[in-house]
């Protein structure tokens, strides 16, 4: 899960699906939904993973499911509103990843 389900969690969902397809059934979702970021699609295509047909999903779609792991991918910046999943999960983890979409257009020093 991440804030908008446009970059981080979309990429994570298909990375897990690609590398662990035999032992996992990953989903991604966000606190709010927007379109999947085109640069996330481009970057994943560069490593041979097609996420062009993915859609942004709300965590509300998954409240009735039970998960082994719920992993939030939220950065440390104040603009990042990390979603809370109230559904059932055996384990909850948070991995701090800044939102790559938030950095777009900013000049690097």
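The values are calculated or read from the model by the stated rules, or taken from the named source; none is laboratory data. All of these numbers come straight from a predicted model, not from anything done at the bench. Using ideal geometry, Cβ is built from the backbone for each residue, glycine included, and neighbour counts are taken over all protein chains shown.
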Of all residues in the range 12-24 being within 13 Å of the chain's Cα centre (by Cα) and touching a residue at least 24 places away in the same chain (Cβ under 8 Å), the one that is surrounded by the fewest Cβ atoms within 10 Å (Cβ to Cβ)
15
Residues of the range 49-61 being in contact (Cβ under 8 Å) with a residue 40 or more places away in the chain and in a loop (DSSP other than H, G, I, E, B), in sequence order, are 51, 54, 56, 57
Please enumerate the residues belonging to the range 61-83 that are surrounded by 11 or more Cβ atoms within 10 Å (Cβ to Cβ) and modelled with pLDDT under 85.
74, 75, 80, 81, 82, 83
I'd like the residue in the range 84-102 that is part of a loop (DSSP other than H, G, I, E, B) and over 17 Å from residue 33 (Cα atoms) and, out of all such residues, is modelled with the lowest pLDDT.
98
Within the range 25-48, the residues that are farther than 13 Å from residue 12 by Cβ, in contact (Cβ under 8 Å) with a residue 40 or more places away in the chain and not in a loop (DSSP other than H, G, I, E, B) are 39
Quick check, is residue 9 touching a residue at least 24 places away in the same chain (Cβ under 8 Å), assigned to a loop (DSSP other than H, G, I, E, B), under 14 Å from the mean Cα position of the chain (by Cα) and on the phi < 0 side of the Ramachandran plot?
no
If you check residue 98 against the conditions, is it in contact with a strand residue (DSSP E or B) (Cβ under 6 Å, 6 or more places away or on another chain) and within 17 Å of residue 3 (Cβ to Cβ)?
no
